[in-house]
Amino acid sequence: MAGYAVVGTQWGDEGKGKIVDLLGMDMDMVVRFQGGNNAGHTVVINGNKIVLHLLPSGILNPNADCIIGPGVVVNPFVLFQEMEELSKHDYPVNHIHIADRAHILMPYHVRIDELQEATKDPGMRIGTTKNGIGPCYCDKYSRIGLRMCDLKYADIFAAKLKEILPMKNREIVDLYGGEPFDYDDLLNRFMNIRERLLPMLVDATDIINNALDAGKNVLFEGAQANMLDINYGTYPYVTSSSPTAGGALTGAGVAPQKLNTIIGIAKAYSTRVGEGPFVTELNNEMGEDMRKRGAEYGATTGRPRRVGWLDLPVVRQAVRINGLTDLAVTKIDILSGYDEIPVCTGYQLKDGSVIDYVPACLRDLEEAKPVYRMLAGWKEDISGVKSWEDLPENCRAYVRFIEEYCHTQVSLVSVNPDRSGSILLHKLVK
Ligand code: IMP
Ligand code: MG
């Protein structure tokens, strides 16, 4: 039995997809456990670039069962679009299964997300992906959500929608002045896709645990990242789920001891899309240059990502919360060319005190000044380097510094976007 989790340690877009791709071929099952189509990863299929939002990037292994877990919020229309895109490129989709307990992300959730963002004062906007993720999780926890299993009996779905829709329409019209949904029209849209969805539904927790018990390799693929976690991120500038190893347990229905390897992905510098504090942000030409070199533009919304130096209290928080057994450091090639590279090791608060953890109070974080350790840079282009020994000494020292600060081993360093650009320091699939 071997459970693997891959999670982001920063604000997402660390390159999880690439590491999943590397592990994927050894996996028998790939599970997404939280979030919805707010994620975005670009994958290359038969030479064509396509962007996936809901499907995990582990889908690229056609031999691994792909499970959209109970903790995910599923927009079925987006799912079908992604499946059609894959089929268009002759890629199989018959290995995709949806947890019957997963919540359905309804069209009204998307509209509410858009309206909430649009009607907030600019300073209060979260900068969501406007895909309805937050409103769907809200309904889940308010216990007025619709689940995939509600589609099993058409009359149950119809009755629940009849009860819920008026509440949602009141919210849309009275609170935000938006356009309401028509019950018959909405019901029809779901009755039209019901037959197609039903055969895809499974008791996910049962089949995931059966796979683990049978000694199969199961990969739990996180979307977003630790600093976007609903509990530990920079609340309220977070997503509405737990993209952590803990989230994998509750979102897939497996026990803690089933996760043997928990791999955190850390980009060698920081990026963030959306609003919220970002202590090491580079709001200058240097940042612009880093954004261009790192091609830091959102895969879901196309927004330029905010960029900054590596923030180690952030990464260490992820190490602790997730119990990371391994770190993978990605995009370190983008840091070539600097004389010195600042790495944030703490925050100086307004009262002058210095802390080395991420504070809860956003004002503290917004006012904090980064405490930097200056590490020596390297000039060489390292994007073609194939082994640890061939990396410049200062680059290796940069990696060692991350290990030391975070108290965990770096098992992989990635120097270019290809599969061949991953330098393995320790075996990941054990
Ligand atoms: P939501 O998840 O759409 O509600 O957006 C909440 C915050 O999470 C926003 O700042 C988004 O930009 C951010 N976010 C959501 N998904 C991702 C992701 O996959 N990568 C990076 N940021 C994300
Ligand atoms: Mg992404």
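The values are calculated or read from the model by the stated rules, or taken from the named source; none is laboratory data. Just so you know, these numbers come straight off a predicted model, no measurement behind them. Don't worry about glycine lacking a Cβ; one is built from the backbone with ideal geometry, like all the others, and counts go over all protein chains shown. Ligands, DNA and RNA are stripped out before the accessible areas are found, and what is left, the full protein with its side chains, is counted by its heavy atoms. Shrake-Rupley method; radii C 1.70, N 1.55, O 1.52, S 1.80 Å.
Listed by chain and number, the aspartates and glutamates whose alpha-carbon sits under 15 Å from that of LYS430, ignoring those within fewer than 8 places in the same chain, are ASP26, ASP28, ASP326. Converting phi to 3J(HN,Hα) with the Karplus coefficients 6.51, -1.76 and 1.60 and the offset θ = phi - 60°, segment 132-139 yields x, 5, x, x, 5, 5, 4, 5 Hz in sequence order, with x at every glycine or proline. Mean separation of Cα pairs under 8 Å and 6 or more residues apart, divided by the residue count, gives segment 129-234 a relative contact order of 15 percent. Surface exposure of the chain, expressed per residue as accessible area with a 1.4 Å probe, stands at 41 Å². For the chain, the longest principal axis of the Cα atoms and the long axis of helix 393-406 meet at an angle of about 60 degrees. Karplus-based coupling profile of segment 237-244, in residue order and whole Hz: 7, 9, 8, 9, 9, 10, x, 10, with θ = phi - 60° in 6.51 cos²θ - 1.76 cosθ + 1.60 and x standing for Gly or Pro. Using a 10 angstrom cutoff on alpha carbons, build the Gaussian network for the chain and name the most mobile of THR408, THR244, THR330. In this elastic network of the chain, the residue with the biggest mean-square fluctuation among THR408, THR244, THR330 is THR408.
Only Lys, Arg, Asp and Glu carry charge here, each on its Cβ (+1 for the first two, -1 for the last two); on that basis segment 242-304 has a dipole of about 280 debye about its Cα centre. Among the protein heavy atoms of segment 1-128, carbon and sulfur supply 49% of the accessible surface, probe 1.4 Å, non-protein parts ignored.
Excluding same-chain neighbours fewer than eight residues apart, the lysines reachable from LYS427 by a Cα-Cα span under 22 Å are LYS16, LYS18, LYS216, LYS258, LYS267, LYS331, LYS386.
Note on the chain: with a GNM built from Cα contacts shorter than 10 Å, the maximum mean-square fluctuation among GLY384, GLY247, GLY346 falls on GLY384. Its relative contact order, with pairs defined as Cα atoms under 8 Å and 6+ residues apart, puts segment 265-421 at 26 percent. Largest accessible area first, the listed residues THR128, THR119 line up as THR119, THR128 when surface is computed with a 1.4 Å probe on the assembled protein chains. Calculated from DSSP H runs of 4 or more alone, at -39500 (n - 2.57) each and per residue, what is the 222 nm mean residue ellipticity of the chain, nearest 500? -9500 deg cm²/dmol, from helical runs alone. Less than 5 angstrom separates the built amide H of VAL371 from those of THR345, GLY346, TYR347, GLN348, all sequence-distant by 5 or more or on a different chain. With respect to the chain, whose longest principal axis is taken over its alpha-carbon atoms, helix 107-119 is tilted by about 50°. The string of couplings for segment 83-97 from the Karplus curve (6.51, -1.76, 1.60, θ = phi - 60°) is 5, 5, 4, 5, 4, 4, 9, 6, 9, x, 10, 7, 9, 9, 10 Hz, one whole number per residue in order, with x for Gly and Pro.
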